[in-house]
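Following: one structure in structure tokens, then a few remarks.
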Amino acid sequence: METLVACCIGFLTACGIFLMLRGRTFPVMLGLTMLSYAVNLFIFTSGRLTLRGAAVLGTSEHYADPLPQALVLTAIVIGFAMTAFLVILAIRARADLGNDHVDGKLPDADSFKKESR
Amino acid sequence: MTLLWILLLPLLGTLVPLLTAKWNRSACALATALPPAFALMLLMYHSPALLAGETLQFVRQWAPVLGLQLHIRIDGLAFLFALLILGIGLLIILYARYYLSERDSMARFYAYLMLFMTAMLGIVLSGNLLQLWLFWELTSVSSFLLISFWWHKSEARRGARMALTVTGAGGLALLAAFLLTGQIVGSYELDLVLASAELIQQHSLYPLLLVLFLLGCFTKSAQFPFHFWLPNAMAAPTPVSAYLHSATMVKAGIFLLARFYPALSGTELWFVLVSVTGLATLLIGAYLALFKHDLKGLLAYSTISHLGLITLLFGMGTDLAAVAGVFHIINHATFKASLFMAAGIIDHESGSRDMRKLNGLWQFMPITATLAMVAAAAMAGVPLLNGFLSKEMFFAETLHQHLLGSISWVIPVLATVAAVFSVAYSMRFIHDVFFNGQPKGLTKTPHEPPRYMRVPVEVLVALCILVGIFPGYLIGDLLHAASLAVLAGEVPEYSLSIWHGLNLPLLMSVLALAGGTLIYVNRKHLFDFQNTLPEMDALNSFERLVKQFAARCVRLYGFIDNGSLQRYMTLVLLSFVILAGTPLTNLAVLWGGREELPLDAVNVTGALMLLIAAFATVVWHRKRVVALLMISVVGLMVSIAFTRFSAPDLALTQLSVEVVTIILLMLALFFLPHKTPKQSEASRVVRDVSIAGMVGVVIGSLSYALMTRPLSSISDFFIANAKTGGGGTNVVNVILVDFRGFDTLGEITVLGIASLGIFKLLTRIPLFKPSSDGDGRPWALERHSLLLSTVSQSLLPLAVMVSIYIFFRGHNLPGGGFIAGLVTAVAIILQYIAQGVDWVKARMNVEYQRVVAVGLLIALLTGAASWLFNRPFLTSWFDYFDVPVLGKLELASAIAFDLGVYVTVVGSTLLILASLGKMTTSHRPVHKETI
């Protein structure tokens, strides 16, 4: 089972990173969301995998590690807040700059050089 | 403690002129003079002990582990310098009162001056290397402020910048030298360092240390080839030049040479570096001084030359030479300060410093002229003045050294040559300015200065004469005490008498006087020759150098930072792969020895769905709506995975966050293009896929390695104490609101800040309303579906009830403030979607930013309430009550905290989504101007 979960985490990470490397804001948001799934799972699984062992006292013989769960719970909510912030930033950037490229301007070899000078 | 006050008084004195700026000028100057005067008195109080050769110490520990402490240490050398700094400083305060015009801010000037005085005192009184260095840098900064005092003049700004660059760079070299010393000796204590000469000089890093140390000293003391900053610093007001460039700032480097003389000197390398630098500086300074038409320029090069002389003396390595060096420090400070002040008076009362215009001033200001002539004679080394005595000692020492082996005889010869030029420029100062015809083209008629402006000059010139005639009585003890500190032991026999008989040094003096006169009389030929040489403009070439350096940096920066975020990401990720991947390759087996759980069909199916959905998101990422649907499947599978692996709280949270995230992204799509244009080239895709693949492999492997290793966790504590200590059976929730409550408080604060930031970002956004979707289909005119609005209305109370239930059971069963808050928020969002903003606003007119604030306040006050019971912040409390109808009920303070979490989550989520949703309506956030 661990192999399978590790594969899933690795694949989600790869997908997230690929999307984050795109040039437009929306795929980057998708990528960030995907990456936060992967990261949350990663932290969660650092408490190892446990079947039928929810950390509610008196419900089972052995309990899953509650600490990573508590960490991930807040991470999920904050991850949402961060994604939301990014989304609004992207909307604002498009409204102010007129395009949705992450650099705020469409890639254009000439204009780039002029800018950097 | 009185020792500390010597340093503290001038520091407090920095404030005095600022506080008394409103008083009249004399009162302000008097008030400013009081702290250093008291400090001087305190110093004199200790003088008997200090003159007897004692070393006084005051130590206050600060961070002993780091070798940091406040350590004041006064010995003879520090006493001598403190005397110069405070004494001449007081004279400068008096002088500046008359020198500065009504337009100059006298308070600002005095404040800088006192700051500088503090810094200088700090250098000489420090008993700890790091503390010394701090004050060393402070002199650079405060001298920058002083030199650029007339900041409206371009040359003042440029001169100040140059001085700061050169001395600041030297300061860094000095810091490196001190750190090396600290490493070698094992302590930053001056006493220990001075006693470890052998240890330091035997060390393999000694050459590096010495070079760095000398770089610091030579830049500060304007030694060749770093001398160029000093003439350019002459743009400063003359009191500054008189103080900084005669007695204090430039002497700081010399002071360090003297201070560390016992620890660093005595090696071949020291002799070569110090004496050759000193000799070169002595010659170059003396030669160039003659050709300066600017009075202060002449004095600046003469200062460079005299500093070179002192450096050369310390470089010779004999004990007597060191004594002569200390003696010349005193003499140079007195005659050079008085000369600078005289030059300032001439400038002030005649409107020019150009010696081509200034002639025949004797008839206009005979008293000032007399004073200046005496001081200049002292500079030239005329008998019966102090300059003569130390120059005699210098000549004598040049005859006794064997630095250059068989050609050591060139040193006395060159010393005499330098002395010849010294006489020549001193004569020029006297003859050209006060005699030699009539003034040419002066804007005003020169006259004597105000009475008290002359007093400082008179005092110093009197000292020149008295020391010159009665050296033994006046400064014999001081010189002895200071030399004792420099030599750290025996002081050799020396005689301070005026007449040593007919000997070689005397002959050299006579030669110098005669030669100097000869050169001055025939100066025209020399001037003609000098004019044929190309002009060296240090200021411009320095600035050109700095500009070139800056341009190179900009080019390098442009190469690294080309403005493409994708490129930065690529670089960061590649470094991650290298940094995190390398240790993995060292791991022989990834498997950590823990038995894997068996696979079952449900899990495999779930995993497959997750992988397919993730893959589909990537493949269809340009069709944005499709990609959004696909990613929601991924989120769903993740929350199912949480359920599967015994994390019901996480599953609930993930599920409700999933809903709000998708709604948010849907809303975002309304404002963003619906399709991504194909832009990446194939090679770019290949590059990105390989980077993503590598990161994925590294993370996946790490994850596997982690999961298969045996677990040792601190969680057993939480499980054991959740019920007894926190009063709840749901351990995750107890951790959130109790054990790690402080973390949670921080996290909801972040949530609140993010939502407020979003609110702010959405205000004043340029409004645009797409009228159709990406394929050009117009949006439906029917805004709210009847079906949805009917269902959602009946859903609201149900959802609220569920969330209340989830909230209360959270302490014992899966649930809690986070999840309940999200459920409530989703229910209210549904109303917005189904009914529209107008409908909701009419029924529930709440400003969500206030809700966030209330939530945070509840959480904070719950935490603070434990202070009432004398417990630390966020200590929880719980108890059981028998309530008649409901039975046994548990009440915990954690519930109140969780309520804060709940309210914050509701407020933040709604603030984010509702603000965005309102964008197309008349209720969109607007910027309210507050008055």
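If the limit is 20 Å between Cα atoms, which of B:K760/B:K918; A:K105/B:K678; B:K357/B:K524; B:K444/B:K524; B:K220/B:K547; A:K105/B:K675 go over it?
Checking Cα-Cα distances, B:K444/B:K524; B:K220/B:K547 exceed 20 Å.
What distance in nm separates the two pseudo spin-label positions at B:I498 and B:L857, each 7 Å out from Cα along the beta-carbon direction?
8.7
Skipping prolines and chain starts, which residues have an amide H placed within reach, meaning under 5 Å, of the one on B:F878, given they are 5 or more residues away or on another chain?
Sorted by chain and number, the residues that satisfy this are B:S893.
Could you give the distance between the Cα centres of the stretch B:87-117 and the stretch B:284-317, to the whole Å?
26
Taking B:K723 as the anchor, which aspartates and glutamates have their alpha carbon closer than 14 Å to its alpha carbon, excluding any fewer than eight residues away along the same chain?
B:D738, B:D879, B:E890
Tell me, what HN-Hα J-couplings in whole Hz come from the Karplus equation 6.51 cos²θ - 1.76 cosθ + 1.60 at θ = phi - 60° for each residue of the stretch B:159-175, using x for Gly and Pro?
Karplus values, whole Hz, x for Gly and Pro: x, 5, 5, 5, 4, 5, 4, 5, 6, x, 4, x, x, 5, 4, 5, 4.
In whole Å, how far is the Cα centre of the stretch B:815-842 from that of the stretch B:364-441?
Each part reduced to its Cα centre gives a spacing of 92 Å.
At a Cα cut-off below 14 Å, give the aspartates and glutamates reachable from B:K153, other chains included and same-chain residues fewer than 8 away excluded.
Cross-link targets: B:D104.
Over the stretch A:2-116, what is the relative contact order in percent, taking alpha-carbon pairs closer than 8 angstrom and at least six residues apart? Write down the numbers at each step before the final one.
On the way: 105 pairs, mean separation 25.4, N = 115.
Across the stretch A:2-116, relative contact order equals 22 percent.
Would you mind counting up the charge near B:V732? Only other residues with Cβ under 12 Å from its Cβ, with Lys and Arg at +1 and Asp and Glu at -1.
Net local charge, B:V732 excluded: -2.
B:L84: net charge of surrounding residues, Cβ under 12 Å, Lys/Arg +1, Asp/Glu -1, itself excluded? Intermediate values should be presented prior to the final figure.
On the way: positive: B:K251, B:K336; negative: none.
With Lys, Arg at +1 and Asp, Glu at -1, the net is +2.
Fewest Cβ neighbours within 10 Å first, please rank B:S302, B:S564, A:S36 accordingly.
Result, fewest neighbours first: B:S564, A:S36, B:S302.
Could you calculate the contour length gain from B:L868 to B:I367, that is, 0.36 nm times the residue separation minus the distance between their Cα atoms, to one decimal place in nm?
Stretched out fully, the B:L868 to B:I367 stretch lengthens by 172.5 nm.
Within 10 Å of each residue's Cβ, count the other Cβ atoms and sort B:T139, B:T920, B:T445 from fewest upward.
Final ranking by Cβ density, sparse to dense: B:T445, B:T920, B:T139.
Near B:A375, within a Cβ-to-Cβ distance under 15 Å, what is the net charge of the other residues, with Lys and Arg +1 and Asp and Glu -1? Provide the component values of the computation, followed by the final result.
On the way: positive: B:K296, B:K336, B:K391, B:R428, B:R454; negative: B:E458.
Residues near B:A375 contribute +4 overall.
From the phi of every residue in the stretch B:287-295, what ³J(HN,Hα) in whole Hz does the Karplus formula 6.51 cos²θ - 1.76 cosθ + 1.60 yield, where θ is phi - 60° and glycine or proline is x?
Values, residue by residue: 5, 5, 4, 4, 9, 7, 8, 7, 3 Hz.
Of A:P107, A:A75, A:T45, which is farthest on the positive side of the dipole of the stretch A:2-116, counting Cα position, with +1 on Lys and Arg Cβ, -1 on Asp and Glu Cβ, and the Cα centre as origin?
A:P107
Please give the residues of the stretch B:795-815, grouped as numeric ranges, whose backbone N is less than 20 Å from a label point set 7 Å along the Cα-to-Cβ vector of B:M844.
B:795-808
Between A:I43, A:I17, A:I78, which gets the highest mean-square fluctuation from a Gaussian network model of chain A, Cα cutoff 10 Å?
A:I78
Test of understanding: what is the full-extension gain from B:M1 to B:W779, defined as 0.36 nm times their sequence separation minus their Cα-Cα distance?
271.8 nm
Rounded to the nearest 0.05, what FRET efficiency do B:L511 and B:K22 give with R0 = 51 Å and r taken as the Cβ-Cβ distance? Could you check? Write out the running numbers ahead of the final one.
Working: r = 58 Å, r/R0 = 1.14.
Computed FRET efficiency for B:L511 and B:K22: 0.30.
At 0.36 nm per residue, minus the direct Cα-Cα distance, what do B:H152 and B:W620 gain on full extension? Give it in nm, one decimal, please.
Answer, rounded to one decimal: 162.1 nm.
Which order do peptides B:834-846, B:632-644, B:81-93, B:238-250 fall in by mean Cβ count within 10 Å, highest first?
Packing order, densest peptide first, comes out as B:238-250, B:81-93, B:632-644, B:834-846.
Suppose a student asked you for the relative contact order of chain B, using Cα pairs under 8 Å spaced at least 6 residues apart; what percent would you report?
Working: 1346 pairs, mean separation 76.3, N = 931.
That works out to 8 percent.
Skipping prolines and chain starts, which residues have an amide H placed within reach, meaning under 5 Å, of the one on B:N730, given they are 5 or more residues away or on another chain?
Those qualifying (amide H under 5 Å, at least 5 residues apart or on another chain) are A:L57, B:N812, B:L813.
From the backbone phi of the stretch B:603-610, what are the Karplus-calculated ³J(HN,Hα) couplings (6.51 cos²θ - 1.76 cosθ + 1.60, θ = phi - 60°) in whole Hz, Gly and Pro given as x?
In residue order, the calculated couplings are 5, 4, 4, x, 4, 4, 4, 4 Hz.
Which of the peptides B:259-265, B:578-584 is most tightly packed, and how do the rest follow, going by the mean number of other Cβ atoms within 10 Å of each residue?
Highest mean packing first, the order is B:259-265, B:578-584.
Can you give the longest stretch of chain B with no exposed loop site, where a site means GluC sites (Glu not before Pro) in a DSSP loop (not H, G, I, E or B) with at most 11 other C-beta atoms within 10 Å?
Details: sites that count: B:E102, B:E490, B:E493, B:E535, B:E595, B:E681, B:E782, B:E847, B:E929.
Free of exposed loop sites, the longest segment is B:103-489.
Provide the FRET efficiency to the nearest 0.05 for the B:T763-B:T445 pair, computing r from the beta carbons and using R0 = 41 Å.
Working from the Cβ atoms, E equals 0.05.
List the aspartates and glutamates whose Cα sits under 16 Å from the Cα of B:K440, skipping any in the same chain fewer than 8 residues away.
Qualifying aspartates and glutamates at Cα under 16 Å: B:D294, B:D347, B:E349, B:D354, B:D432.
Could you give the angle, 0 to 90 degrees to the nearest 10, between helix B:76-99's Cα long axis and the longest principal axis of the Cα atoms of chain B?
Tilt of helix B:76-99: around 90 degrees.
Is the shape of the stretch B:525-630 rounded, prolate or oblate, going by the alpha carbon gyration tensor and its root eigenvalues a ≥ b ≥ c, with a/c under 1.5 for rounded and a/b larger than b/c for prolate?
Working: a/c = 10.58, a/b = 2.81, b/c = 3.77.
Taking the square roots of the gyration eigenvalues as a ≥ b ≥ c, the stretch B:525-630 is oblate.
For B:R523, B:R687, what ranking results if the residue with the fewest other Cβ atoms within 10 Å of its Cβ goes first?
B:R687, B:R523
What does the helix-only formula give at 222 nm for the protein assembly as shown: each DSSP H stretch with n ≥ 4 adding -39500 (n - 2.57), the total divided by the residues, and the result rounded to the nearest 500 deg cm²/dmol?
Dividing the helical sum by the residues of the protein assembly as shown leaves -23000 deg cm²/dmol.
Just so you know, all these numbers are worked out from the coordinates, no wet-lab data involved. For clarity, every value in this text was computed on a predicted model and none was experimentally measured. Note: ideal-geometry Cβ built from the backbone for every residue, glycine included; neighbour counts use all protein chains shown.
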